[in-house]
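Input: a single structure, listed below in structure tokens.
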Number of protein chains: 2
Amino acid sequence: MGVSIKDVAKKAGVSVSTVSRVLNNGKYVTDETSEKVMKAVKLLGYRPNIIARGLRTKKTNSVGLIVPDITNEFFAKLAKTIEENLNNNNYSLLLCNSGENEDKERKYIKTLLDKFVDGIIFISSGYDQNMHLFPDDLPIIAIDRKPNAKRVNFISSENKKGGYLATKHLIENGCSKILMLKDRKAVSPMNARLEGYRDALREYNMLFDEDMIIESEVELEYVKEKILKIHKRLEFDGIFAGTDLLAIGAIKTLLKLGYKIPKDIQVIGFDNVLTSQYYNPGLTTIAQRLSEIGERSASLMVDLIENGVKNTESKSYFLPVELIKRDTTR
Amino acid sequence: MGVSIKDVAKKAGVSVSTVSRVLNNGKYVTDETSEKVMKAVKLLGYRPNIIARGLRTKKTNSVGLIVPDITNEFFAKLAKTIEENLNNNNYSLLLCNSGENEDKERKYIKTLLDKFVDGIIFISSGYDQNMHLFPDDLPIIAIDRKPNAKRVNFISSENKKGGYLATKHLIENGCSKILMLKDRKAVSPMNARLEGYRDALREYNMLFDEDMIIESEVELEYVKEKILKIHKRLEFDGIFAGTDLLAIGAIKTLLKLGYKIPKDIQVIGFDNVLTSQYYNPGLTTIAQRLSEIGERSASLMVDLIENGVKNTESKSYFLPVELIKRDTTR
DNA sequence: ATGAAAGCGCTAACAC
DNA sequence: GTGTTAGCGCTTTCAT
């Protein structure tokens, strides 16, 4: 291979341990020898072998990120900031796309452990089955979807408040029959949003009607079908969609049916994806502070790795959400 | 740490080298001893230490992926299929987000080399400055943006043909003054699309007019401004946008100006991003076979790693594109 | 077919 | 302050 620490030692006329010292902390070394060493390093173009170092130190300077679907704009943005921030702290990111599949998820966790990552940032596919795979002494951070099973650090948005704000917005704009459109997944953020919806109804003394909660796949066709059915059976003048894509699917269908938006029906989404901005009409929505979630996750991870993990005192953070008013509400 | 090969050897009553043999190829070992070893492995829950193995073998079973922006749906889809396919072949993916930044790109390449990845899949930020950093004996695959500087394996779509198909489609639908809207980047796929545009004009004996080539940032606001200016100065009845987002920005503005689409002006995009499907009206566009590009890249990479690299005979693949007709063309 | 032993490149006691 | 040395856990000659 290339040049090793031995070569540097020889060139500098010192021992390997001295070289190692210089490179790692620089403590207990004269400035003089230190200089000699650095000169040799530069001269030979020496770069430490990270693998060998890892074998000794049990540290790889890499962290694993497990996402359900990197194609989902939400997770992509998260991945991006996490990667950036980790990288600034000299950590690499191993990306794992679980595809919302528990078996794959399990396999990935094992692979990451085999690779001796220094920590794992975990966006669960929604179930807790795999939580027990994480060793107690490995830094773990869960994002977005809270696992129940085990105590882990958890970072997310104020989803409940988001649902509340969205619903309140509709109510204050005159809606009295509000549909809540949710996806099929039994996953914590969506449930929190639903709770927020109920909270708002309660606050305004409107009664909660189970029938107004509509479940659908996120696919355009599914939403379309759902709305087609619903609009015959139910009367409504507002929709709170748990996801922008759900909202847009609904709007697309509603427009075709001849409804005016926001005149006849007002719609609000969740997530503020790019499409919600580009869409026609622009979608009113609840935005999460994704880059903050990402930053916070990365810095917490670095902290856990470098300043010790105390799984006994795991933390939860809930970052603020914000209503973005566009053209689908009055 | 955990259980090592020594423990297994002891448990099975054989030497470590025998255990190693059993685990790696199984050659030169009796079925009997092999069985003993496997039993011990299972009993102890032994998992080989990949780091230690890597130190010896110089193989890490990981490949680096450098993308300009994982937030871009195009790259995200690519990353997803690449990751999936690599994973099926027992390789992990190190994700690097270069942010279209050459310095970061360089830093990432160095980091990946330091980490001894077995190969690098590279979506360049458009410049060739960093190509020389790749060692000659490391498997390299460039995707989407072709580097000139050096001979590397290259996988992409038939961008030129895409531009041709798009323009031809407009022409055959009656357009006679076609704007080409492109981004600011001096990057190969966009230029190929432009070439295709010229080819189509030539074929139909329409003259190419430099003024009809409009450059803009991809941001909604920029596009809007551009279109606002253009529409006073120029007459046009068709737009070929080099990117869906560019197309949608244009449409949004045109609609506000009172034009009917596709009646007054027809528009076609490129990439078939999700938004183009959700958008209102649905955007006619040219689709690339992203998953095929991803698959091909991954399998080529595995092939290069496992069956030897011959950088002397690097390959180029250009995958087919397809016109998807929606509502912005007649 | 199996074992002993060297060594991948590094860090960290431990001596001095 | 600096050098010597023993490993980290594995693969791979080289004997036998």
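The values are calculated or read from the model by the stated rules, or taken from the named source; none is laboratory data. Computed from a predicted model, the values in this text were never measured in an experiment. Cβ placement follows ideal geometry from the backbone for every residue including glycine, while neighbour counts extend to all protein chains displayed.
Could you check A:K168 against (1) surrounded by fewer than 22 Cβ atoms within 10 Å (Cβ to Cβ); (2) in the same structural domain as A:S299 (by TED's automatic domain parsing); (3) at pLDDT 95 or above and say which number it fails?
(2)
Regarding the range B:236-251, can at least one residue be identified that is out of contact with any strand residue (DSSP E or B) (no Cβ under 9 Å at 6 or more places or on another chain), closer than 30 Å to A:A250 by Cβ and either small (G, A, S) or in the same structural domain as B:S92 (by TED's automatic domain parsing) (or both)?
No: the range B:236-251 contains no residue that is out of contact with any strand residue (DSSP E or B) (no Cβ under 9 Å at 6 or more places or on another chain), closer than 30 Å to A:A250 by Cβ and either small (G, A, S) or in the same structural domain as B:S92 (by TED's automatic domain parsing) (or both).
Looking at the range A:9-18, which of its residues are within 8 Å of DNA strand D (Cβ to nearest atom) and buried (at least 18 other Cβ atoms within 10 Å of the Cβ)? If you could, list the steps in order and put the result at the bottom.
Filtering the range A:9-18 down to residues within 8 Å of DNA strand D (Cβ to nearest atom) leaves A:9, A:13-18.
Once the filter is applied, which keeps residues that are within 8 Å of DNA strand D (Cβ to nearest atom) and buried (at least 18 other Cβ atoms within 10 Å of the Cβ), the range A:9-18 yields A:A9, A:V14, A:T18.
Suppose we filter B:D69, B:D128, B:D118 for residues that are away from chain A (no Cβ under 13 Å) and out of contact with any Gly (no Cβ under 6 Å at 6 or more places or on another chain); which single one remains? Walk me through it before giving the result.
Values: B:D69 fails: away from chain A (no Cβ under 13 Å); B:D118 fails: away from chain A (no Cβ under 13 Å).
On inspection, the qualifying residue turns out to be B:D128.
Which of the residues spanning the range A:78-95 are assigned to a strand (DSSP E or B) and in contact with a Ser or Thr (Cβ under 6 Å, 6 or more places away or on another chain)? Walk me through it before giving the result.
Of the residues in the range A:78-95, the ones assigned to a strand (DSSP E or B) are A:92-95.
Of everything in the range A:78-95, those that are assigned to a strand (DSSP E or B) and in contact with a Ser or Thr (Cβ under 6 Å, 6 or more places away or on another chain) turn out to be A:S92, A:L94.
Is it the case, given these coordinates, that A:K58 is within 14 Å of chain B (Cβ to nearest Cβ) and exposed (fewer than 13 other Cβ atoms within 10 Å of the Cβ)? Explain how you work it out, then say what you get.
Numbers: within 14 Å of chain B (Cβ to nearest Cβ): yes; exposed (fewer than 13 other Cβ atoms within 10 Å of the Cβ): yes.
It is true that A:K58 is within 14 Å of chain B (Cβ to nearest Cβ) and exposed (fewer than 13 other Cβ atoms within 10 Å of the Cβ).
Do we have any residue at all in the range A:10-33 that's within 13 Å of DNA strand C (Cβ to nearest atom), within 14 Å of another protein chain (Cβ to nearest Cβ) and part of a loop (DSSP other than H, G, I, E, B)?
No, there is no match, as no residue in the range A:10-33 is within 13 Å of DNA strand C (Cβ to nearest atom), within 14 Å of another protein chain (Cβ to nearest Cβ) and part of a loop (DSSP other than H, G, I, E, B).
Determine which member of the set A:I293, A:I324 is surrounded by fewer than 19 Cβ atoms within 10 Å (Cβ to Cβ) and at pLDDT 95 or above.
Matching residue, one of A:I293, A:I324: A:I324.
Can you pull out every residue in the range A:180-211 that is more than 13 Å from A:F240 (Cβ to Cβ) and among the aromatic types (F, W, Y)?
A:Y204
Going residue by residue through the range B:76-93, is there one that turns out to be on the phi > 0 side of the Ramachandran plot and either touching a residue at least 60 places away in the same chain (Cβ under 8 Å) or out of contact with any helix residue (DSSP H, G or I) (no Cβ under 7 Å at 6 or more places or on another chain) (or both)?
Yes, because at least one residue in the range B:76-93 is on the phi > 0 side of the Ramachandran plot and either touching a residue at least 60 places away in the same chain (Cβ under 8 Å) or out of contact with any helix residue (DSSP H, G or I) (no Cβ under 7 Å at 6 or more places or on another chain) (or both).
Mind checking whether some residue in the range B:53-65 is under 14 Å from the mean Cα position of the chain (by Cα) and either of a type outside the set (K, R) or within 16 Å of DNA strand C (Cβ to nearest atom) (or both)?
Yes, there is a match, as at least one residue in the range B:53-65 is under 14 Å from the mean Cα position of the chain (by Cα) and either of a type outside the set (K, R) or within 16 Å of DNA strand C (Cβ to nearest atom) (or both).
Results for (1) buried (at least 17 other Cβ atoms within 10 Å of the Cβ); (2) farther than 19 Å from A:L93 by Cβ; (3) in the same structural domain as A:A250 (by TED's automatic domain parsing); (4) of a type outside the set (A, V, I, L, M, F, W, C), shown as yes or no for each residue.
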{"site": "A:I120", "(1), (2), (3), (4)": "yes, no, no, no"}
{"site": "A:I123", "(1), (2), (3), (4)": "yes, no, no, no"}
{"site": "A:D128", "(1), (2), (3), (4)": "no, yes, no, yes"}
{"site": "A:H132", "(1), (2), (3), (4)": "no, yes, no, yes"}
{"site": "A:K146", "(1), (2), (3), (4)": "yes, yes, no, yes"}
{"site": "A:R151", "(1), (2), (3), (4)": "no, yes, no, yes"}
{"site": "A:K182", "(1), (2), (3), (4)": "yes, yes, yes, yes"}
